[in-house]
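The values are calculated or read from the model by the stated rules, or taken from the named source; none is laboratory data. Predicted model only: the values in this text are computed from it and were never measured. In this analysis, Cβ positions are derived from the backbone assuming ideal geometry, glycine residues included, and neighbour counts consider all displayed protein chains.
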Amino acid sequence: MKPFEAAVRLDATSNCYVVPEYPAAAHYEVLLALIEAAEQLGIRNYHVGVTATTADFYAGQNHPMRRGVSYGENIVPALQKAGVLNVEMETATLFALASIFGLRAGAVLAVYNSHVTGEFKPHAGEENAIRIANEAARILSKWDATKRKTGKPHFFPSMLNNAR
């Protein structure tokens, strides 16, 4: 299970909406809610970090191709050195668009295909990712109610102590 705090924008799609230098980051409240949800549910095998969003599944993610050469032939090792935990195809666009439109977004992904080991486990972690996402939505709803009650525009942890 991997809740992501940010995404490397290698997707090209998000560039259609904003300059490439614009960050693709999860909203901090959503990230905190995802972590809180995993903890409350007793799911301990999660990692918080950075993902990389690529434009396609094959060349952009260093998968072997029958013909041609991938521009990203060495992309996975380079991303690993930078501490990137995952490669996928959606998160950067989701994060960038949510930020541009003043919405909150986060991501929790079930990882079942390892670019490093070649291990493939279909559907591994999907049920836990769904549970975490659902619980995080419930948590965010509670936090939103607390923000309304206290008149504060942003959530902060000690707010929960004062709301009791």
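For the reader, a short list of remarks on this structure follows.
- Tally of residues being at negative phi, out of contact with any Leu (no Cβ under 9 Å at 6 or more places or on another chain) and of a type outside the set (S, T, N, Q) across segment 116-134: 9
- Taking first residues from segment 1-24 that are farther than 29 Å from R131 by Cα and partners that are of a type outside the set (D, E) and assigned to a strand (DSSP E or B), the Cβ contacts under 7 Å between residues at least 6 apart in sequence or on separate chains come to P20/R9.
- Residue in segment 108-127 that is surrounded by 18 or more Cβ atoms within 10 Å (Cβ to Cβ) and farther than 29 Å from P20 by Cα present: yes
- I43 surrounded by 16 or more Cβ atoms within 10 Å (Cβ to Cβ) and modelled with pLDDT of 95 or more: yes
- Failed condition for L32, given (1) more than 27 Å from G102 (Cβ to Cβ); (2) at pLDDT 95 or above: (1)
- Residue check, R148 assigned to a helix (DSSP H, G or I) and more than 19 Å from Q40 (Cα to Cα): yes
- The residue that is farthest from I35 (Cα to Cα), among those in segment 110-133 that are among the polar types (S, T, N, Q) and without any contact (Cβ under 8 Å) to a residue 12 or more places away in the chain, is T117.
- Residue in segment 55-78 that is modelled with pLDDT of 90 or more, of a type in the set (D, E), more than 18 Å from the chain's Cα centre (by Cα) and surrounded by fewer than 19 Cβ atoms within 10 Å (Cβ to Cβ) present: no
- Residue among L103, L79 that alone is assigned to a helix (DSSP H, G or I) and among the aliphatic types (A, V, I, L, M): L79
- Per-region count, segment 2-31, residues closer than 13 Å to G106 by Cβ and either in a loop (DSSP other than H, G, I, E, B) or out of contact with any strand residue (DSSP E or B) (no Cβ under 6 Å at 6 or more places or on another chain) (or both): 6
- Among the candidates A98, A124, A92, A133, residue that is of a type outside the set (V, I, T), closer than 26 Å to R44 by Cβ and under 15 Å from the mean Cα position of the chain (by Cα): A133
- There is no residue in segment 144-154 that is within 16 Å of the chain's Cα centre (by Cα), at pLDDT 90 or above and of a type in the set (D, E, K, R).
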